[in-house]
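None of the figures in this text is laboratory data; all of them are computed from the coordinates on show. Keep in mind that this is a model prediction, so the values were computed, not measured. Cβ coordinates were reconstructed from backbone atoms using ideal geometry, including for glycine residues, and neighbour counts include every protein chain displayed.
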Amino acid sequence: MKFHEMEIKQVEKALETDFSTGLLSEEVKKRISKYGLNELDEGEKQSALLLFFSQFKDFMVLILLAATLISGLLGEYIDAIAIIAIVIINGFLGFFQERKAEKSLSALKELSAPQVSVLREGQWVKVPSKDIVIGDILKFTSGDRIGADVRVIESRSLEIEESALTGESVPVSKHIDPLTTVNPGIGDMENIAFMGTMITRGSGIGVVVATGMKTAMGQIADLLQNAESGETPLQRRLEQLGKILISVALLLTVLVVAIGVLQGHALYEMFLAGVSLAVAAIPEGLPAIVTVALSLGVQKMIKKNAIVRKIQAVETLGCASVICSDKTGTMTQNKMTVTHLWSGGHTWTVDGVGYKPQGNFYRNERPLHPKDEKALQQMLIFGMLCNHSELVMKEEEIILDGDPTEGALLVSAMKAGFERPTLLNEFTIINEFPFDSARKMMSMHVKDKQGRHFIVTKGAPDVILGISESILWEEKTQYLGKEMKIRVQEAINGLASKALRTIAIAYKPVPANTVILSEQEAEKKLTFIGVQGMIDPPRPEVKEAVKECKAAGIKTVMITGDHVITAKAIAAQLGILSNKSKVLDGKALSNMSVEELEVVVDEVSVFARVSPEHKLKIVKALQNRGHVVAMTGDGVNDAPAIKAADIGVAMGITGTDVAKEASALVLLDDNFATIKAAIIEGRNIYENIRKFVRYLLASNVGEILVMLFAMICGLPLPLIPIQILWVNLVTDGLPAMALGLDRPEENVMKRNPRSPNEGVFSRGLGWKVVSRGFLIGIVTLFSFIIVYHNDTSRLQYAQTIAFATLVMAQLIHVFDCRSEKSVLSRNPFGNPYLVWSVISSLALMLVVIYYPPLQPIFHTLAIRGQDWLLILGLSSIPTFLLAGSFLLRKTK
Ligand code: ATP
């Protein structure tokens, strides 16, 4: 017999498990060693050797190798070998960096890998889905992805979308009864939930019948979901820039060779000059350093609780101009405590802290026993019954397992002395219509000991009021007319204006043994009992984060399913709502087209009582207004908006698997302030990339100028290819990497976000590259001319002086690159990495100049002490000039 044909008791026996306690840890270990981990094979990984060789397929490197080969053929063996050695060392560096990046990516994957709720030794625990074994009992709910193939043993309106397996996107309802169909297809297995499929509604429990490659998903292994990688727009732009530079270099080379040959120089000599120019023009180290800077940035974000799932987000974050954030749990603590209750014209208060079930009830500030007040008692009992949360003790601390809103209702009833297990003895739950954010309520069909049946509903008070036709007032059920509705609404508004989150409780008797099939049938003609109001204090750090965002030109928008007045009160506390800003509710939003919303959207700071599908409209309207939008979400229905946003943000703790998969950024702590931290990091990474792009390209410009000028003036080449390559890859490489680790400039969160269309060279960067490059080129050329002019027989010595001047000018200039303004506007030595990298580069330069075995390779000679004065003097001129002109502009 197959599992889908069995009764659930038979399944329990066949799998040697226990539905009430789950498996023992010993048994789990045994089963893991017998069946293996619950993982799908990931296919062939790129071998280390292939990865190493892939380092050399870069176009720049290929050109370099070709040029080297030709110069080797022309007899320049030492040069050719040395260049190849440098290229190979660089290849190794690239290889190790990529290896590291790959490792951190798989660590990231691990961090965002789905966890599942499993029953082990009588306790529900969360484990990574790879640790599930056959016979494990899993609990799942709307928004989860199923971790293995399971036979459903409990279903509460469970519906699952199986398109990953069947291609059919209409969700399938799941039940627990055995199937009688012979050989049903996957789409017909209504009591099996398959690995990788997604719960769209309800919740359930199932027992694992297949894991890993044995699951239906395992059979079609190529459906594997890979973590997204790819390139950022900036990387793409830099790659294009690289191609342009190569074309320019090639053109220059051809030109120089042609002119030289026409002037009567030897072809061989001109060819070497051409290679030197090409090497000078190409920033060989740039692509690797960009990759390192991005991957280090991503690591830094993890330390701040933000996991980047799509590398592109690192850059887009820096452009964000609006953050649309959920209120509950993201801006508030999601630690709810009922403080006020209202029913039939009376208000009660209750004290106590957090989820500790101790507190007293008061009416008009006089203590009372809640069991003496019938309406109050009814409201507490139903709030506890229509509930799935539980309190558990963990290391002497009370922890809530479940939804915080339900936790608050559980605790308020416990304060009055009720216990859920006792209640469940008195009431039997027959059916449940689970909560969803669109309906904003949930219901249970229950039966009491006397055999009477009821529908108990709890949810957003305005919604419940709309579907109620009577009300409990002075212990009697009365007609709920228009006037009465206004009175109730006023009471609700009164609670909401105290920033309380409100939940109404209602019920209706139904004839015994009726089957209520749909929520529409259950949730109508109710009797309104009352409202419980709970505080959910704002997270203390959010107010400051909102303020910082404002200063950075980023608008914060609160989007919540909560009541308009509650939302307004909290938005005001957090500084989101100003005098000018507007509040829109879900109803108004429903009646608006995207175009209509576009007209007002810039003025709206709070969207309240919205449903998840409204979020997509909001994202679109904001994007049409030219905004770069970050949008948070946690539920299944949030996924489309998260995907459509420029930066989709999912909650790490409360977020569903589906929301996380759609997102670009996951907040490990669900905290709004973490989005701000990620934005600062995103801005900083971009600025740091600009810093070293500027640094490296200025070096290239300098090198080209030196070579071109020398050629035009009919001088010998001041630098030889291997020296240029050494500068580009080694002595410049280390400080460039250190610039990638620089701290943000103070004003990073005090200016408006940059435009996503901004080019690499905008905000004056192009001018900086050319002007600095020009100055560096000129001083290098000068140093060469001065020495060469004195004694033309000492070409190699003059070249060594030029080499040292170029390196020194670059190493001084690098401190200027820390700031967009000037070297004087920031402590130049504030980045210790930079100081150490400059010291290392200096040492490396000295080794190449003074270490005899390296001298023939790099064509260097030991520089005499007094010549260092010349080198230092010339190489510091560019930075002095720039600092001087900055001061001049400032005094003007
Ligand atoms: P946010 O969108 O900021 O997270 P939210 O949590 O209020 O806000 P929803 O979860 O969509 O958004 O809830 C909307 C409304 O539904 C709430 O204001 C509350 O009145 C009601 N509600 C929330 N949770 C439950 C629940 N478990 N049972 C019944 N009603 C609920």
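Quick notes on this structure:
- Per-residue Cβ neighbour rank within 10 angstrom, fewest leading, Thr337, Thr428: Thr428, Thr337
- Computed P(r) (all Cα pairs; the range 767-892; 5 Å bins; percent): 2, 11, 18, 20, 19, 13, 9, 5, 2, 1, 0
- Based on C-alpha pairs under 8 angstrom that are at least 6 apart in sequence, the chain has a relative contact order of 11 percent.
- For the range 391-441, GluC sites (Glu not before Pro) meeting the loop criterion (DSSP other than H, G, I, E, B) and having at most 11 other Cβ atoms within 10 Å: Glu395, Glu396.
- Placing R0 at 41 angstrom, the Cβ-Cβ distance between Glu121 and Leu50 gives a FRET efficiency of 0.35 after rounding to 0.05.
- Within the chain, helix-based [θ] at 222 nm, where runs of 4 or more DSSP H residues each add -39,500 (n - 2.57), nearest 500: -15000 deg cm²/dmol
- All Cα-Cα distances of the range 686-784, cut into 10 Å bins from zero to the largest, leave 14, 38, 29, 13, 4, 0 percent in each bin in turn.
- Unit Cα scatterers, Debye sum, the range 154-205: log10 I(q)/I(0) for q = 0.26, 0.31 Å⁻¹: -1.04, -1.31
- 10 °C / 1.306 mPa s Stokes-Einstein diffusion coefficient of the range 584-685, Kirkwood radius on C-alpha pairs, µm²/s: 114
- With q set to 0.14 Å⁻¹, the log10 of I(q)/I(0) for the range 818-866, from the Debye formula over equal scatterers at the Cα positions, is -0.54.
- Stokes-Einstein D (µm²/s) once Rh is taken as the Kirkwood radius of the range 48-101 over alpha-carbon pairs, at 20 °C in 1.002 mPa s: 184
- For the chain, hydrophobic long helices are taken as DSSP H runs at least 30 Å long by C-alpha position along their axis with mean Kyte-Doolittle hydropathy of 0.0 or more; these are 77-111, 233-262, 672-712, 765-790, 795-816, 865-891.
- Whether the chain is rounded, prolate or oblate, judged on the alpha carbon gyration tensor where a/c under 1.5 counts as rounded: prolate
- Three principal axis extents of the range 337-535 based on alpha-carbon atoms, in descending order, are 45, 35, 33 Å.
- Across the range 588-596, computed HN-Hα scalar couplings (Karplus, 6.51 cos²θ - 1.76 cosθ + 1.60, θ = phi - 60°) run 4, 4, 4, 7, 10, 8, 4, 5, 5 Hz from first to last residue, x flagging Gly and Pro.
- Percent of Cα-Cα distances greater than 27 Å, calculated over the range 286-429: 45
- Too-long pairs where the Cα-Cα distance tops 19 Å, listed order kept, from Lys525/Lys615; Lys310/Lys660; Lys126/Lys335: Lys525/Lys615; Lys126/Lys335
- Spatial separation of Cα centroids for the range 687-710 and the range 388-458, in angstrom: 68
- Relative to the compact-globule estimate of 2.2 N^0.38 Å, the Cα radius of gyration of the range 287-341 comes out at 1.70.
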